[in-house]
Amino acid sequence: MAVSVVKSICRAMEAIAPLRLAEKWDNVGLLLESPIVRPNANRVLLTIDLTEAVTEEALASPTSFIVSYHPTIFKPLTSLTLANPLQSNLLRCAAAGISVYCPHTSLDNVSGGINDWLGTVVAGKPTLNNRYKEIGYKISVIGEENATRVEGGSGRIVTLPEPISMSELEWRIKSCLELEHIQVGYPHDMASDVKSIRTVAICAGSGESVLLGVDADAYFTGEMTHHSVLAAVASGHFVVLCGHTNTERGYLPILAHKLKEQLLSRFEVDEHEEEKINAALRSLEVHVSEADKHPLRIV
């Protein structure tokens, strides 16, 4: 893929999820830029993780660019070899002419991003555009509950128009995320059929550092440590755990829609670009990976 096209996709992703919104500890942006132009490749592949299966999928298709939600490089590297399976995926992509971009917490935190989408799941009405007022509830950034306009931030608090039971919340989450099973922690003497849930604190992925101590009836995230769950339940909070990537993967079709729109706007407004670059952008297809799966199975 030509350098100008790679830059155009990066600009499109920046418009969707500005990298300045990522957590300070995160590693986001263009993490792998291949020096090779892959011939006849016009696909952007979206995935949560760049696994071996996803790499094989990319190599077997006309993929020239991968948006991997989780960083493919996180800790500093002292070497880059084929002996390491995760590094091998990157090397194979680079050799084939595939570049890799990772948005991670910038996509969590941005307004209209993953955490806001999980808010629509709590409401039982996940929407493409996250139109909260239309589905009758309030959503705010944790720590900014009284702010009138926030660009983004860590975690969300959903305030429902009327209290619901925990069993209803469980059903909404399982239904919207298409999960047969979730893990739930119940405070002592709190029944699942009592309408006691009005506020839900949300954080995609691993949410304990964001959620613990937040004033909400229930905590909804992908995973928490054993002792964090004990602490939350002991302090009177319901806890819903769905598996780390199960709170993220369902957003990929929304990201695909947003990226298609951004790429369309790129070649419509960038008249100064060479026609060859605009033609390349025009031909791009955005696909959600079929090989990307949660790494754990319930057996």
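The values are calculated or read from the model by the stated rules, or taken from the named source; none is laboratory data. Here the structure is a predicted model, which means the values were calculated and not measured. Cβ coordinates were reconstructed from backbone atoms using ideal geometry, including for glycine residues, and neighbour counts include every protein chain displayed. We work out accessible area using only protein heavy atoms, side chains counted, and drop any ligands, DNA or RNA first. Shrake-Rupley method; radii C 1.70, N 1.55, O 1.52, S 1.80 Å.
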Just to be sure, is G205 part of a strand (DSSP E or B), buried (at least 21 other Cβ atoms within 10 Å of the Cβ), touching a strand residue (DSSP E or B) at 6+ places or on another chain (Cβ under 8 Å) and not aliphatic (A, V, I, L, M)?
-> yes
inquiry  = Residue under question is T105, and the condition is that it be out of contact with any Lys or Arg (no Cβ under 9 Å at 6 or more places or on another chain) and closer than 30 Å to I202 by Cβ; does it hold?
reply    = yes
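Scan segment 177-194 for residues that are surrounded by 13 or more Cβ atoms within 10 Å (Cβ to Cβ) and free of Cβ contacts under 8 Å to residues at least 40 places away in the same chain and jot them down.
Listed by number, the list holds a single entry, S192.
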Within segment 152-176, of all residues that are among the hydroxyl-bearing types (S, T, Y) and farther than 16 Å from L211 by Cβ, the one least open to solvent (accessible area, probe 1.4 Å) is S165
Of the conditions (1) modelled with pLDDT under 95; (2) among the polar types (S, T, N, Q); (3) touching a helix residue (DSSP H, G or I) at 6+ places or on another chain (Cβ under 9 Å), the single one that T78 does not satisfy is (3)
Only one of L263, L230, L259 is open to solvent by less than 40 Å² (accessible area, probe 1.4 Å) and modelled with pLDDT of 95 or more, namely L259
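The rows are residues; the columns are (1) under 29 Å from G155 (Cβ atoms); (2) not aromatic (F, W, Y); (3) not assigned by the TED database to the domain that holds V210.
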site	(1), (2), (3)
A15	yes, yes, yes
V37	no, yes, yes
V44	yes, yes, yes
T51	yes, yes, yes
L59	no, yes, yes
S64	no, yes, yes
F74	yes, no, yes
Q87	no, yes, yes
A96	no, yes, yes
Given the condition among the hydroxyl-bearing types (S, T, Y) and in a helix (DSSP H, G or I), answer yes or no: does some residue in segment 59-75 qualify? no
In segment 20-36, anything in a helix (DSSP H, G or I) and surrounded by fewer than 19 Cβ atoms within 10 Å (Cβ to Cβ) is listed as R20
If we keep only residues of segment 91-104 that are open to solvent by less than 10 Å² (accessible area, probe 1.4 Å) and outside any loop (DSSP other than H, G, I, E, B), then the residue nearest to C10 (Cα to Cα) is Y101
Checked segment 180-202 for anything of a type in the set (V, I, T) and either assigned to a strand (DSSP E or B) or touching a Gly at 6+ places or on another chain (Cβ under 6 Å) (or both); matches are V184, I197, T199, V200, I202
Among residues of segment 268-292 being at pLDDT 70 or above and in contact with an Asp or Glu (Cβ under 9 Å, 6 or more places away or on another chain), the residue most open to solvent (accessible area, probe 1.4 Å) is E290
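Can you say whether G119 is part of a helix (DSSP H, G or I), within 30 Å of E151 (Cβ to Cβ) and modelled with pLDDT under 95, as far as the supplied structure shows?
The answer is yes for G119.
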